[in-house]
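Please treat every number below as a calculation from the coordinates, not as lab data. Model, not experiment: these values are computed from the prediction. Neighbour counts run over all protein chains shown; Cβ positions are idealised from the backbone, glycine included.
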DNA sequence: CTGAAAGCGCTTACAG
DNA sequence: CTGAAAGCGCTTACAG
């Protein structure tokens, strides 16, 4: 049997209520009794039962993470592990536990969301992506359940979100490529359902426009996913009709695929850029210029926003923008 | 207010006990009442409160994962995300939720372990690595708290564990390298505190021995971590004194570092092998031969063992061996 | 400053 | 086959 608050009360010769108040550090308890109770707790190695507390408090101090439905490949994208780490670091610091759920498809995703909400297991939910017309976001809003999102939602009113400035990040990339003498620049983006895909595409178009170049549809390809093969195929498609001197992609793994294509066809001079700045970029030949999106900070901030809300903290903004950094390489 | 079992009872005109029995699918309840109660639950959109159930049942159906203390780099190793996925898939299938905890150092790691145990939050714990003289394993054994480990523990008696046959896997790698005409083969392993590091080293030595070669200490280096830089430096060290024609590493990221060194020094003919078979291997030049350790299956199996135990299933073995596969490349 | 009592939302042994 | 009651281990409004 585990030791309970009653055992402590007995040993300390006080009531369970008093023990409870000592645990909660209630200021109305005298220092004396605090001492006695604390001693008793130590002696008995007492640890409060989290479940019982949760039931009485009607809050669990648990956050739920919905890992998006997707092919294996998305899940394997290093982005996620970094986000999970960031979430974990802030949450732990604030006394929250984290639960995650991996979904195979959108239906499962929604089911897990509902389970989280209605089982009273979690106090709040963090979504790891925002897609077009996101059904999860809609549902959470309707239910008025606390949540935050990584990725700017289409309709951001009343939702807590954190994101990079994806428009600006891609704008900078393209600007950089132009400054290196490229004007024919291909764009390979992930699935359009992700809001950031569109944002990055806009950045691409605007950067070209600002220098007086018109974007060309045949230089723009959206892939079905984020793995290397997608990048390879997209690149192939572009070169069927065009001869860009540089390709801007929205993901390092896409960039790897592009590189593979370029190497095979010996298109040595074509520059390629990625996004996320995963460590292996540095070890590629040539090494790959990429945008560091600081995924850990995205996770950290998403947890921060959500927990602030749960604790009724005043917030200036309903969102946080995480800085990106263009890491130039070969 | 959320709807509770009482609301359902009222609507169905039965007692809360009966509703509870319907939820638990107790066979003694008549089909009629089952019907009525189920209808009432649907009408009210009733969902049992997981916390209250946990308290009454004295089990939470939550598993806790301790992500090992380590530098960022270990955590970023794709191994972990795959393991997390495997754990998640089996657990969800079996009605378990998953909680994880990220620790910065061994002390924090132990604290989180204790918190998991004593807070009654989780029914069991999964450890993601086994190290020499593992304090977590010892503690869990002493407390007789249910757990499973990924990685064979030094003392495996009475502990549930799952692992690859690391000895055999490395044996096969070295054998393969020998068959390709190499006899001077370097070994770059991760930190020796990991049991698998030692196992793989043994496989290396035995494979050499079986072909009549004596291993040489100057060809063996253990790194401090698993990132590319560690691989680079280890390789440098080996080449200070020797001229191996192949290097067997215990991690793909180490292999990348080795490749970088070899490229810089234009040691073109030296073969390099890795472990884990992460997707980018295929896109390296030359592509990297690696051992697929099936990390997802490791996670899946660890969850399976633990959950079997929690459900008092009879088990034939206290461990599971997950097959590896040597993926030969350039 | 402290205690007795009720309550959080379930489960289950006991009785019928 | 079903219900009333006690219990899981906490918290907290109320009373003193």
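So the values come out like this:
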item	result
Filter pass, residue B:9 being assigned to a helix (DSSP H, G or I), within 8 Å of DNA strand D (Cβ to nearest atom), away from chain A (no Cβ under 14 Å) and touching a helix residue (DSSP H, G or I) at 6+ places or on another chain (Cβ under 7 Å)	yes
Selection status of residue B:78, away from DNA strand D (no atom under 12 Å from the Cβ), within 12 Å of chain A (Cβ to nearest Cβ), within 17 Å of residue B:298 (Cβ to Cβ) and surrounded by fewer than 21 Cβ atoms within 10 Å (Cβ to Cβ)	yes
Candidate set: the stretch A:258-278, residues that are without any contact (Cβ under 8 Å) to a residue 60 or more places away in the chain and assigned to a helix (DSSP H, G or I); chosen: the one nearest to the chain's Cα centre (by Cα)	A:259
Unique match (being within 14 Å of another protein chain (Cβ to nearest Cβ) and out of contact with any helix residue (DSSP H, G or I) (no Cβ under 9 Å at 6 or more places or on another chain)) among B:90, B:100, B:139, B:116	B:116
Any hit, the stretch B:30-40, residues being at positive phi, within 16 Å of DNA strand D (Cβ to nearest atom) and either in contact (Cβ under 8 Å) with a residue 40 or more places away in the chain or in contact with a helix residue (DSSP H, G or I) (Cβ under 7 Å, 6 or more places away or on another chain) (or both)	no
The stretch B:17-56: number of residues that are assigned to a helix (DSSP H, G or I) and surrounded by 15 or more Cβ atoms within 10 Å (Cβ to Cβ)	20
First in the stretch B:12-24 and without any contact (Cβ under 8 Å) to a residue 60 or more places away in the chain, second anywhere and loosely packed, with under 14 Cβ neighbours inside 10 Å, Cβ under 7 Å, 6 or more apart	B:16/B:6
Residue count, the stretch A:197-227 (criterion: crowded, with 23+ Cβ neighbours inside 10 Å and either more than 17 Å from residue A:167 (Cβ to Cβ) or in contact (Cβ under 8 Å) with a residue 60 or more places away in the chain (or both))	3
Unmet requirement for residue B:69, which otherwise passes all of (1) buried (at least 22 other Cβ atoms within 10 Å of the Cβ); (2) outside any strand (DSSP E or B)	(1)
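Table: residues versus (1) free of Cβ contacts under 8 Å to residues at least 40 places away in the same chain; (2) buried (at least 23 other Cβ atoms within 10 Å of the Cβ).
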residue	(1), (2)
A:95	yes, no
A:106	yes, no
A:117	yes, no
A:122	no, yes
A:146	no, no
A:149	no, yes
A:171	yes, no
A:174	no, yes
